1. Restricting to DSSP loop positions (anything but H, G, I, E, B) with no more than 10 other Cβ atoms inside 10 Å of their own Cβ, which chymotrypsin sites (Phe, Trp or Tyr not before Pro) remain in the range 138-206?
2. Quick check on the exposure proxy: order F18, F107 from fewest to most C-beta atoms within 10 angstrom.
3. Which order do I116, I147, I73 fall in if you start with the one that has the fewest other Cβ atoms within 10 Å?
4. List the trypsin sites (Lys or Arg not before Pro) in the range 123-167 that DSSP assigns to loop (not H, G, I, E or B) and whose Cβ has at most 12 other Cβ atoms within 10 Å. Which are they?
5. Compute the signed sum of charges (Lys and Arg +1, Asp and Glu -1) over the other residues within less than 14 Å, Cβ to Cβ, of P175.
6. With a cut-off of at most 12 other beta carbons within 10 Å, and DSSP calling the residue loop, which trypsin sites (Lys or Arg not before Pro) in the range 1-101 qualify? Please list them.
7. As a footprinting exposure proxy, order L58, L72, L146 by other Cβ within 10 Å, with the fewest listed first.
Amino acid sequence: MTAEPGSLRELLGSQQVFPAGMPEFDPGAAPDDPVTLFLRWLETATGGAVPAPHVMTLATADDRGRPSSRVLICRDVTDDGRWYFASGAASGKGRDLAVNPHAALSFFWPQHGRQIRVRGTAVPAGGQASAADFLARPPASRAEALIGRQSEPLGDLAELDRAFLEALDRVSAAPGLVAPDWTLYALTADEVEFWQGDLDRRHVRLRYRRAGSAWTTQLLWPLARRFRRVLACRIWMNSRIRAGWPGQARAEASCRPPRPFGQSL
């Protein structure tokens with residue numbers, strides 16, 4: 001069934017974007033390095049009913065600049081500003097990184113209205129670290145990696161079941177077996193941005209940039225220039241409405257953004 005014209009836009013526009021009671025973020029009290037802040041936010045997420053806070057999106061691009069993204073698990077974060085993830089070197093992401101090591105990560109924790117964006121270069125962390133990562137995984141995960149062939153065409157699910165059972169037998173027979181192309185990657189961050197949502201769209205964005213062995217910080221505008229007046233007006237309008245000001249309709253009319261972007265605010 002095809003949706004009526006405009007109904008999908010209305011459906012999307014009616015969805016709640018931010019929850020009430022989001023954590024506050026004071027960028028003036030932020031630490032000197034992004035890893036410390038990341039760990040603080042991660043601790044808040046793990047204790048605040050955010051499901052799978054260790055899940056992130058990895059974006060890569062091939063040698064022609066064509067981007068790809070996928071969701072995977074963050075394996076570790078170290079004090080020197082490296083985020084770790086793992087995959088087979090023959091996978092799509094592995095092939096991309098072999099020709100173009102520039103990559104980006106993003107964490108999204110909607111229950112807290114928070115995003116973290118990490119940008120840098122990703123390279124293999126070495127054979128020993130990759131083997132240790134592989135052996136730390138549960139048997140089913142190791143069996144899946146031993147099959148390989150990620151993203152190749154699959155004839156049917158029965159073929160997958162046969163290959164998985166064979167690989168699981170190999171794992172049981174040789175617990176120390178490591179998939180030859182299994183690779184732990186370390187993404188060394190050049191830039192890390194922390195984004196805190198706000199119900200009035202007064203989002204707080206703080207960017208860290210690597211400067212040698214240290215980091216610099218910079219606040220960023222949350223909206224395009226044309227919407228800054230609208231943002232300020234709406235914050236003012238909401239404060240008037242809370243105070244019982246009678247001119248709500250007039251204020252709402254004066255705060256309407258220019259078309260066609262009105263539905264995005």
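1. On the way: sites: F164, W182, Y185, F194, W195; in loops: none.
Nothing satisfies the criteria.
2. Details: F18 16, F107 23.
So the residues, fewest neighbours to most, are F18, F107.
3. Numbers: I116 21, I147 16, I73 11.
Exposure proxy ranking, most exposed first: I73, I147, I116.
4. Working: sites: R142, R149, R162; in loops: R149.
Those that pass, being in a loop and sparsely packed, are R149.
5. +2
6. Working: sites: R9, R40, R64, R70, R75, R82, K93, R95; in loops: R64, R75.
Listed in order of number, the matching sites are R64.
7. Result, fewest neighbours first: L72, L146, L58.
Any read-out appearing in this document is the output of simple, stated calculations on the displayed coordinates, not a laboratory observation. Fair warning: this is a prediction, and the values are worked out from it, not measured in the lab. Glycine gets a Cβ as well: all are built from the backbone with ideal geometry, and neighbour counts include every protein chain shown.
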